[in-house]
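Right, one structure below, let's go through it.
The values are calculated or read from the model by the stated rules, or taken from the named source; none is laboratory data. Model, not experiment: these values are computed from the prediction. Ideal geometry is used to build each Cβ from the backbone, glycine not excepted, and the neighbour counts take in all protein chains shown. For the accessible areas, the whole protein counts, side chains as well, though only heavy atoms, and no ligand, DNA or RNA atoms are used. Shrake-Rupley method; radii C 1.70, N 1.55, O 1.52, S 1.80 Å.
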Amino acid sequence: MSDKKMNLPLVALRGMVLLPGMVAHFDVSRQKSIRAIEKAMQTDEKVFLITQKNPEKDEPEWQDLYEMGVISYVKQVIKMPNNMIRVLTEGMERARIREFLPQEDYLSANVEPIEEGTSVLEKEAVSAMIRSLKENMARYGTANGRVSKDFLKQVQEEKNLPNLLQLIANNLPVYYTEKQKILDAADVSEQCETILAILMNEISVISLKQDFQTKVKAQVDQNQKEYILREQMKVIREELGEDSSQSDIERYREDLTKLKASKEIKEKIKKEIDRFANLPSSSSESAMQRGYIETLLELPWDKSSKDNKDLKNAERVLNEDHYGLEQVKERVLEFLAVRNLTKKGNGPIICLVGPPGVGKTSIAHSVARALDKKYIRISLGGVRDEAEIRGHRRTYVGAMPGRIAMGLKNAGVKNPLMLLDEIDKAGSDHKGDTAAALLEVLDSEQNKNFQDHYVELPIDLSEVLFIATANSVQEIPRPLLDRMELIEVTSYTANEKAHIAKEHLLKKQMEKNGLKEGQLELSDSAVEKLIQNYTKEAGVRNLERKIGEICRKTAREVYEGKKKKVVITTRNIQNYLGKEKYTIDLKNEQDEVGIVRGLAWTSVGGDTLEIEVNVMPGKGEFQLTGQLGDVMKESAQAGISYIRSVSEQYGIEPDFFAKHDIHIHIPEGAVPKDGPSAGITMATAMLSAITDKPIRADLAMTGEITLRGRVLPIGGLKEKILAAKMAGIKTVCVPKKNAKDIDEISTEIKKGLEIVFVEKMEDVLSVAFVEK
């Protein structure tokens, strides 16, 4: 090898290093580099190859190049498309740049070759280096597994140290910066140290990689090979201390310290967290345990909200939200006053009973607003599974807490108002009885330690304000009914409906349909007609729908620019709602024989029934039509038996019942009818037909009859009196034992009606018959 300085064309390499003895090809695209190759080919085919420090730089300066490079022979040049050439070179010897030579069209430098020799080293040192290189190369070959056996054999057979260094350096698969370190080494000794350091580092990296793979294989089952990549990531995360499960456990423990709960509850949750920490994250039980811990941490064990105890505020809120319902409001305020005085939440549980649409659910919402309580509504309609209330046991996949525990979790406090809506619609089947599960919830003596199957810890429900709603108490089991205090929410009068429509529903629907104040006006007579002829209900739901229908049609007219303001009167209401759907069955104009007006209660309020009786020559048959129920048929039988027992008093022939047939019919035959309250009505109509005495047309009656003619009390009196007034009735006969119920009916309803209290049929007949 030469030891003289020489001037050579220079090519700057990007991202690669050429070592002595290495044959390599590379593409050249920069013009200066291409001209340097051409200059070399024109002279002695020698070129100086040196590596850039920053491979991204297109026009490198002298300071951007390493100091040490390689003198190479250009063995082949191939022209490529896009003005590129591919060069095949062989590294000959190391050289150091001494001086850069100014050239216009290519790079050139004065370089000094480096003398490679071992003469200055002791023989023992050279032998030690050779042996160390061979041993580490053998270890590297064993660890890597992809090193050629021929190459390893060639290494073991080489005895010259510079050649051995050159052989190993040229075949190591390392980054170009590592190879530059070999090139920069001052002498053979430093070259040997650099190569040994690289070899040992590679052996360590391969060993660490094999350790990771061993750990992964130990954790992964043979049948789950598709999860290998995830498990490798998991092992790496564990090694770095970034395991997500560990961070979750820390978060759970931190939440536990902040949790407001008793010592026993916290100890139980701590045990569950410790158990979760020992579970493998890939197991299905880990996910179940995670959900259970999160549920326990989110339950409000000892966290409560502060109630607003101002009764005047409660009264104001109830009056703002509801018109009428005075007795209901008064009872609710009494209930709240008792809670404030006793400072206990375990008072009686209220059950609001009434027909649909009268505001039971909204009353509960108003109570929650008045008390500043969290409001949770649990619909029990159609719920048949006992687990819906008590929760599912954690042994089942997809288990979750019951609706009561979930309600508390969603409320975030242990003293919310919990509305049990449609409690009379809860059913039962082979999975359990929902009503039976509610017995513990609604018992103030037992619900301090309510047991949810999922939570498995006693939950205190004593501070929860429970309010239930129902349409009828007939469907509620007696033990459950016994735990609740009933407040009857009765039907609205026409006047109350009119006030509700004007003060609440119209504003609500105008806002909902985008109408501004002043764009729609409903006259009082139009509201009255809307209530009487377009709706037939106890509440106001259909009334709100009809007002919404008017608002929608008005919104269209206003949007299309046809009108700026719409005024609804009795004259134009049909243009918006169509023809009248209901007509009031008014009293008859004339007194008639065998026709009596009865009063009935329905789910949509009260109604009047016109009972007709015909007497015909026959064989003593007794016929009932109009789709009557068994109780009603029995009332008719009791009535005819009473009439036969007193026939002499009314001049009825002894053989009259043997020679005549009696037919009772109640119109609207498609509508089922039942109940005992039409007993005195049917008896009066039969006696009128038999004796041919007319009955007052302006009279209506209700009451149950006995065989001896006594009149027994009935229910639904407010709705019945309301129906009588709507039909234009002047006098109403009611059982004397219902006098207390009449006192509770507002004066507005009773105004213009003569209420006659009757104890016996004689009292009824003295009022009913018209003397000829």
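Worth a mention:
- Exceedance of the 26 Å cut-off in Cα-Cα distance is limited, within the set Lys512/Lys565; Lys309/Lys751; Lys581/Lys725; Lys659/Lys737, to Lys309/Lys751; Lys659/Lys737.
- Reach of Lys270 by Cα under 18 Å, taken over aspartates and glutamates that are not fewer than 8 positions away in the same chain: Asp248, Glu250, Glu254, Asp255, Glu285, Glu294, Glu298, Asp302, Glu456
- For the range 481-524, applying the loop criterion from DSSP together with a ceiling of 15 other beta carbons within 10 Å to the GluC sites (Glu not before Pro) yields Glu517.
- Computed on protein heavy atoms with a 1.4 Å probe, the accessible areas place Val631, Val367 in the order Val631, Val367, largest first.
- Considering only the range 339-472, percent of DSSP beta bridges that pair antiparallel, nearest 5: 25
- Each 10 Å bin from 0 upward holds the following percent of the Cα-Cα pairs of the range 37-148: 11, 27, 29, 22, 11, 1.
- Only one of (i) 72.0; (ii) 61.1; (iii) 42.6 was calculated from the structure for mean projected area of the Cα convex hull in nm², and its label is (ii).
- For the chain, the share of DSSP beta bridges that are antiparallel, to the nearest 5, is 60%.
- Beyond 32 Å in Cα-Cα separation lie the following of the pairs Lys209/Lys268; Lys53/Lys75; Lys5/Lys159: Lys209/Lys268.
- In the chain, taking the dipole from charged Cβ atoms about the Cα centre, the farthest positive-side position among Thr361, Leu699, Met200 is held by Leu699.
- Here the range 465-515 and the range 155-188 have alpha carbon centers that stand 93 Å from each other.
- Once exposed loop chymotrypsin sites (Phe, Trp or Tyr not before Pro) are cut out (DSSP; at most 14 other Cβ, 10 Å), longest piece of the chain: 176-395
- Accessible surface, 1.4 Å probe, highest first, among residues Thr569, Thr702: Thr569, Thr702
- Compared with the dominant Cα axis of the chain, that is its longest principal axis, helix 524-533 is turned about 90°.
- Degrees, to the nearest 10: 541-559 long Cα axis against longest axis of the chain: 60
- For the range 718-750, GluC sites (Glu not before Pro) meeting the loop criterion (DSSP other than H, G, I, E, B) and having at most 11 other Cβ atoms within 10 Å: none.
- Computed over the chain: relative contact order in percent, which uses C-alpha pairs under 8 Å that are six or more apart: 7
- Only lysine pairs 8 or more places apart, or on different chains, with alpha-carbon atoms under 23 angstrom apart are counted in the range 332-440, and they number 14.
- Fully extended contour minus Cα-Cα distance, from Glu557 to Asn163, at 0.36 nm per residue: 131.8 nm
- Between helix 360-371 and the chain there is an angle of about 60 degrees, using the helix long axis and the longest principal axis of the Cα atoms.
- Trypsin sites (Lys or Arg not before Pro) lying in DSSP loop within the range 616-665, provided at most 10 other Cβ fall within 10 Å: Lys619
- Averaging 1/r over every pair of different alpha carbons in the range 282-431 and inverting the result gives a Kirkwood radius of 17.5 Å.
- The range 1-75: relative contact order in percent, alpha carbon pairs under 8 Å with at least 6 residues between: 38
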